[in-house]
Each structure stands twice: as structure tokens, then as C-alpha cells.
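Notes to accompany the following structure.
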Amino acid sequence: MTTAPSFPRPAVSGAGAATDPAAGTPETLGPPPPARPAPSARGPGRRWLRAVVLAALVLATVAFVYPLLWLLSASFKPRAEVFDNRLVPRTFTLDNYVTVWQEAPLALWLGNTVVVTVLAAGLVTVSSALVAWGFAFFRFRGRGPLFGLVLATMMLPGAVTMIPTFLIWNQLGLVGTNVPLWAGNLFASAFYVFLLRQFFLGLPREPFEAARLDGANNWQMFWRIAVPLCRPALVLTFLFEAQASWTDLMRPLIYLQDSSTFTIPRGLKALIDQFGPGGESQWEVVVTASVITTLPMILLFFLGQRHFVEGVATTGSKG
Amino acid sequence: MTTPVAPALPTPATGGSREAPVRRRRARPSPSERRERNAALRFISPWIVGFVVFTAWPILYSAYLSLTDYDVINDPTFVGLDNYREMAQDPKVALSLWNTLVYTVVQVPLYTVVALALALLLNQAARSAGFFRTAFFIPKMTPPVAVGVLLLLLFNGQYGIVNEVLSWVGIQGPSWTTDQDWIKPGLVLISLWTVGSAVIILLAALRNVPNDLYDAARVDGAGFWRRTRAVTVPMISGALFFVVVINTIAGFQMFTEAYSAYFGAGNSTYRNDTALFYVIYLFQEGFQELHMGYASALAWLLFVVIMLVTVVQLVVSRRLVYYEGEQR
């Protein structure tokens with residue numbers, strides 16, 4: 001196989017996840033994955049223990065899911081009842097959605113966010129795949145140190161480069177547009193390069209040798225063989241970045257000034273300022289806008305559920 | 001971090017002494033080696049460009065800016081170390097640094113312990129773990145700006161559901177969102193709501209712990225706590241360490257949830273001294289006051305602090321973290 005430079009993989013060895021394509025790469029050496037842990041308690045206490053565990057898990061689930069249900073339910077309540085903490089609204093109304101729709105250019109904000117999210121996620125997936133392939137497939141002197149540099153940039157706090165990066169986009173006259181929110185993704189991202197390289201290293205070498213004998217060039221081997229084989233990893237990259245991009249508040253705060261260019265989280269922040277604690281205290285508006293901001297992410301999660309959960313289990317999350 | 005871009009071009013003829021006896025003839029790369037290297041660099045080139053433009057140059061430029069006064073409109077004027085001297089006297093630097101430190105020191109251990117507890121629970125529920133794992137992860141999908149909204153609503157001192165639940169057990173909850181002493185605890189608690197990804201990471205690690213270790217411990221008469229302390233925690237210490245490091249770095253850069261709930265454009269009605277985290281202050285100085293030079297100096301201090309903390313954690317982890325297959 002390859003003489004991959006070894007580096008400390010963050011110890012989240014994924015041998016337990018059935019779909020880990022990195023298994024068998026030099027990084028995942030170790031004893032074979034064990035079977036599922038045996039049920040912990042044997043004997044008379046077992047059933048009782050199980051009930052306790054289950055009850056605790058159900059309680060935790062309520063704590064995790066309830067706030068979102070609360071939010072959804074509150075968005076259908078009139079102002080006076082927003083805080084009544086009932087799960088089913090006493091008075092069911094769609095007025096809040098009408099109000100938000102009238103108060104804010106919601107369609108515009110949603111449209112902006114979709115454009116930014118799709119561009120950001122699409123570009124980072126393609127560029128990171130190219131770079132990861134460059135590190136995974138080829139051997140050249142200096143590869144180890146160069147990849148070390150890629151990993152080092154992951155540790156760099158974003159705050160350090162925030163101001164000069166702003167000045168670059170300012171110099172280019174692009175502050176106020178959504179370009180700075182996605183164009184940086186043309187140049188790959190260290191986290192995804194790391195992730196995709198792991199997947200590429202797990203591919204067998206044979207199809208590529210065969211393709212080379214058939215006269216395929218590097219590009220064809222990447223595009224026709226490696227990319228189709230690594231689709232799950234590419235989907236994962238797209239999903240992770242789509243989430244990061246959709247939910248980002250800081251960069252829209254820095255780069256967007258005109259309300260018509262806002263992404264939906266930036267718009268929600270504007271509505272919090274206007275209707276929230278510092279403003280008119282019309283909580284039903286803030287609640288409803290929050291639902292509209294959150295719902296697409298919940299949808300995304302259910303569309304790519306397996307990818308998200310398995311992805312976090314095998315690679316960690318961006319934090 | 002100011003490593004120059006040099007490694008991009010492998011220097012020939014310096015093939016380390018280790019290889020020398022075998023590959024002496026390779027004074028310079030052969031044509032096929034050079035072809036392979038060039039092909040690789042073509043694939044890697046997007047990252048190289050991005051590194052130079054969006055990492056290396058910004059680092060150098062921000063170091064320079066930190067020595068200037070710069071308001072974006074007029075050219076930067078060189079002021080030497082004045083910005084750093086000013087920082088030493090700025091009460092808001094001390095305040096925001098203190099807030100950030102307190103938050104991180106409380107949040108990271110609590111978050112890790114809760115994640116571990118939930119992962120241990122999930123690990124007991126073999127059959128239904130998948131369902132619960134999914135349920136735990138959903139909050140992580142909520143945009144942080146909406147998490148800020150939820151904080152204000154659920155932790156509302158008068159009407160919030162948190163205080164209502166507390167009242168069931170006879171506790172009168174505080175004014176989480178307005179009482180300055182309770183703002184940070186509120187932020188810590190709401191951060192636990194998004195613990196799901198850490199739970200998933202730890203659960204994956206738990207499932208890799210070999211069963212025979214537990215069997216051996218059981219034969220030796222170790223109870224649940226003893227097994228957890230002596231077997232589980234050491235065996236997953238790598239994953240625990242990962243969670244701690246990632247969350248420490250994130251904690252130092254806390255921004256969105258606090259900003260969403262307690263800061264706003266031109267709102268003077270917010271009372272938020274105890275929610276002024278370091279990156280929020282940096283953001284205000286840089287992008288609201290346009291003190292770009294001062295903000296760059298602030299960024300450098302943050303960078304140094306995070307690096308120091310991470311290095312300390314790495315050194316400590318050498319003694320505490322066990323990686324499989326390691327000789328001790």
C-alpha cells in the first residue's frame with residue numbers, strides 16, 4: 001500500500017462502525033473489532049437495571065427533543081400564549097407566519113441562504129476531494145511535511161485570520177455581497193481534506209493499476225474510479241459543510257450590510273434585535289423566524305441521517 | 001504557525017540520511033518521479049493557493065496590523081507595541097478574558113462528563129441505541145443563533161419552562177437571562193443541549209473496548225463503577241481527550257449563542273457585561289468600531305492563549321491518554 005505519513009489520528013478509531021472505509025489503512029492497525037459489548041448485568045438485577053437505563057434514556061431524549069417541539073408549538077400560538085409551556089397550542093393560529101412573512105423579506109433570505117449553502121458545500125466538496133486525492137494517491141518527496149501543514153492549519157483559530165481576510169474581500173470590492181461566504185471554499189478545507197484522504201487511502205490499488213494499463217490518465221482515474229467509490233464520504237463532506245454554512249452567523253454579520261442580502265440566520269438576528277428582548281418584545285415573531293431558520297436543517301438531518309451519525313462517529317465533528 | 005510555504009516544493013538532493021545507503025543514486029528526482037510529483041501538485045494546488053492567500057498572508061499581515069492603527073479608510077499608521085500596551089490597561093480585555101476563561105473551565109468538564117454519562121447509558125441499551133443516538137444528535141442541527149433564542153425563552157426567569165420544572169421539585173429558579181450572576185451558568189447549560197456529537201464520538205470509542213477486559217474485571221469482582229474507572233475510561237481516553245481539546249478551542253472562541261442572545265446592533269437595552277466573551281469583544285472592536293489594528297492585537301493574544309492551552313493539554317495527555325498498541 002502507501003507509505004502514508006503517520007500522524008496522530010484523533011483516536012476516534014472507527015472500527016466499530018460497520019461502514020468505515022478507512023479500516024485496513026495503516027492508521028487503523030490494531031486488534032480486530034470486537035463484537036457488541038455483552039449486556040452488562042447478568043442475573044436477577046438485569047431486568048431492573050435495564051428498566052432504569054431505559055427510563056434515563058427516555059428522560060434524556062425528552063430533554064433533547066422537547067425544546068424544538070416547544071419552539072414549533074409556540075410558533076402556532078398567539079402572543080399571549082407563547083409562554084404558556086403547553087405542547088399543544090390552546091389557540092391554533094398561522095398569524096405569526098403571516099406576520100413574519102410581511103415584516104421580513106423571508107423569501108429573499110431563504111433564497112440567499114440556499115445559494116450560499118449550495119455553493120459553499122459544493123465547492124468545498126470538489127476542491128477538498130481533489131486535494132485529498134493528491135495526498136492519497138501520489139508519492140512524492142515532501143508529502144509528509146506538506147500534509148502536516150494541512151493539519152496544522154486546522155488548529156489555527158479563525159479569529160486570527162478574520163481581519164486580514166475581511167480586508168482582502170474589501171480590497172476586491174466584494175464586501176456587501178455573498179461572495180466572501182462561499183468563495184474561500186474553492187480552496188479546500190483542511191478538515192475535509194483530512195477526512196477524504198482517509199477514505200481514499202482505504203481504496204484498493206488494483207482498479208487504478210488496471211486503468212493505468214488501459215491508458216487512463218490521472219484525471220480519469222480520479223473522476224471515474226475514485227470519486228464513485230467514495231460517494232458516501234463526499235456526501236458526508238457536502239452535508240457537514242451545508243450545515244456549517246447554513247447556520248453560520250459570524251461571517252454574515254461581518255460581510256453583509258443590506259437587509260436584502262442577508263442569509264436566514266443573519267435575518268433572524270435582525271429580527272431578534274427588532275422584536276426580542278432589546279426591542280419590542282414580540283416573541284411570537286422571533287419564535288416563528290427561529291422555526292423557519294431551523295426547519296431546513298432538521299430536514300437535511302433526516303435526509304442524510306445515516307451519514308451524519310456515522311460520520312461523526314468515525315471522524316469526529318468540526319466542533 | 002508562521003511556517004513558510006517552502007515545503008510545497010520538495011528540495012532534491014537532501015534525501016534524509018536514513019535512506020542514503022539504499023537510494024544513493026537519487027541525487028535528483030527521476031523523470032517519472034518528477035511527473036508523479038507534478039501530477040500530485042496539480043491536484044493539491046487549490047489548497048496551496050488557499051493556504052498562501054487565506055492563511056499564510058493573513059497571519060503575517062495580522063501580525064503587522066497589530067502594530068498599527070488602522071480604520072480601513074485611512075492607511076495604517078505604525079504605532080509599535082502601543083496596541084499591546086493598551087490591551088494591558090483595557091478593563092474590557094481583562095473582563096472578556098475572564099468571562100471566556102470561566103466559561104471554558106466550567107463548560108468543558110461538565111460537557112465531557114455529561115457526554116460520557118450519556119454514552120455509557122447508550123452503550124447499555126444495545127438494541128435501541130440507534131434511535132436514542134439519533135434523538136440526541138438532533139439539537140446539534142439547530143443554528144446557534146436559534147439556540148440563543150431558545151436560551152432566552154426556555155430560561156426566562158418568570159415564564160421559562162426550566163424554572164417551571166424546577167418549581168415542581170420546590171426550587172425557585174433564578175432570572176437566568178437578566179441576573180448577571182446567572183447569565184454564564186445559563187449559557188453553560190444550554191451548551192449541554194448540543195452534547196450529541198460528543199456522545200456519538202464517545203459511544204463509538206466505547207464499542208471498541210474489548211469485552212474480555214470487562215470479563216476479566218468481573219472475574220476479579222469489580223463492580224460497575226470500578227469497571228468504569230479502571231477499564232472504560234482508560235480505554236477511551238483518546239476519544240475523551242479529543243472531545244476535551246476540541247471543546248476547549250471552541251470554548252475560547254465562544255461567540256454566536258451569546259451574541260445572539262445578549263448583543264445587538266445599536267441596542268443599549270442589553271445588560272451583558274458577564275456575557276462579553278473575548279471573540280465578541282474582538283468582533284466589536286474590529287467590525288463595529290473599525291479598530292482593525294487593535295483587534296488584530298487582540299486576535300494574536302487569543303492565538304497565543306489557545307496555543308498555550310492546547311500544548312499544555314497535549315503534554316498532560318502524554319501521561320494520561322492510552323492509545324491501543326502503545327508500549328509503556
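The values are calculated or read from the model by the stated rules, or taken from the named source; none is laboratory data. Because the structure is a prediction, the values reported are computed rather than measured. Using ideal geometry, Cβ is built from the backbone for each residue, glycine included, and neighbour counts are taken over all protein chains shown.
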In region B:66-119, anything within 30 Å of residue B:197 (Cβ to Cβ), touching a helix residue (DSSP H, G or I) at 6+ places or on another chain (Cβ under 7 Å) and not β-branched (Val, Ile, Thr) is listed as B:96, B:97, B:99, B:103, B:107, B:110, B:111, B:115, B:116, B:118, B:119
Which one of these is modelled with pLDDT of 95 or more, facing chain A (nearest Cβ under 7 Å) and over 21 Å from the mean Cα position of the chain (by Cα): B:44, B:48? B:44
Based on this model, can you work out whether residue B:309 counts as of a type in the set (Val, Ile, Thr) and out of contact with any helix residue (DSSP H, G or I) (no Cβ under 9 Å at 6 or more places or on another chain)? no
For residues that are buried (at least 21 other Cβ atoms within 10 Å of the Cβ) and not aliphatic (A, V, I, L, M), scanning just region B:134-143, find the one that is farthest from the other protein chains (Cβ to nearest Cβ). B:140
Filtering region B:261-286 down to residues that are assigned to a helix (DSSP H, G or I) and more than 19 Å from the chain's Cα centre (by Cα), which residue is modelled with the lowest pLDDT? B:273
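Yes or no, residue by residue, for (1) under 30 Å from residue A:261 (Cα atoms); (2) surrounded by fewer than 17 Cβ atoms within 10 Å (Cβ to Cβ):
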residue	(1), (2)
A:184	yes, no
A:194	no, no
A:210	no, yes
A:222	no, no
Checked A:68, A:110, A:123 against criteria (at the interface with chain B (Cβ under 10 Å from one of its Cβ atoms), modelled with pLDDT of 95 or more and under 25 Å from residue B:151 (Cβ atoms)); the one match is A:68
In the list A:274, A:257, A:282, which residue meets the criterion of being at pLDDT below 95, farther than 26 Å from residue A:80 by Cβ and either crowded, with 22+ Cβ neighbours inside 10 Å or not charged (D, E, K, R) (or both)? A:257
Please give the helices (runs of 4 or more DSSP H) falling wholly within region B:145-242 in which 3 or more residues are surrounded by fewer than 19 Cβ atoms within 10 Å (Cβ to Cβ) and free of Cβ contacts under 8 Å to residues at least 24 places away in the same chain. B:161-168, B:211-219, B:224-227
Checking residue B:273 against (1) facing chain A (nearest Cβ under 10 Å); (2) in contact with a Leu (Cβ under 9 Å, 6 or more places away or on another chain), which test does it fail? (1)
Which pairs have Cβ atoms under 6 Å, sit 6 or more apart or on different chains, and link a residue in region A:251-276 that is under 15 Å from residue A:179 (Cβ atoms) and touching a residue at least 24 places away in the same chain (Cβ under 8 Å) to one that is assigned to a helix (DSSP H, G or I) and among the basic types (Lys, Arg)? A:252/A:266; A:256/A:266
Tell me which residues, restricted to region B:243-260, are part of a loop (DSSP other than H, G, I, E, B) and more than 9 Å from chain A (Cβ to nearest Cβ). B:254
Just one of A:186, A:130 is touching a residue at least 40 places away in the same chain (Cβ under 8 Å) and either farther than 30 Å from residue B:300 by Cβ or among the small types (Gly, Ala, Ser) (or both); which is it? A:130
Could you tell me which numbered condition residue B:115 fails, if it satisfies all but one of (1) small (Gly, Ala, Ser); (2) within 13 Å of chain A (Cβ to nearest Cβ); (3) more than 23 Å from residue A:297 (Cα to Cα)? (3)
Which numbered condition residue B:295 fails, given (1) assigned to a helix (DSSP H, G or I); (2) modelled with pLDDT under 95: (2)
For region A:224-262, how many residues meet the condition of being more than 18 Å from residue A:123 (Cα to Cα), within 10 Å of chain B (Cβ to nearest Cβ) and among the hydroxyl-bearing types (Ser, Thr, Tyr)? 1
Working carefully through the options A:292, A:264, A:225, find the one that is of a type in the set (A, V, I, L, M, F, W, C), under 26 Å from residue B:253 (Cα atoms) and touching a helix residue (DSSP H, G or I) at 6+ places or on another chain (Cβ under 8 Å). A:264
Looking at region A:228-249, is at least one residue within 30 Å of residue B:291 (Cβ to Cβ) and either free of Cβ contacts under 8 Å to residues at least 24 places away in the same chain or of a type in the set (Phe, Trp, Tyr) (or both)? yes
Which one is modelled with the lowest pLDDT among residues in region A:285-308 that are within 11 Å of the chain's Cα centre (by Cα) and within 9 Å of another protein chain (Cβ to nearest Cβ)? A:308
Looking at region B:59-101, which of the residues that are hydroxyl-bearing (Ser, Thr, Tyr) and within 14 Å of chain A (Cβ to nearest Cβ) is nearest to the chain's Cα centre (by Cα)? B:100
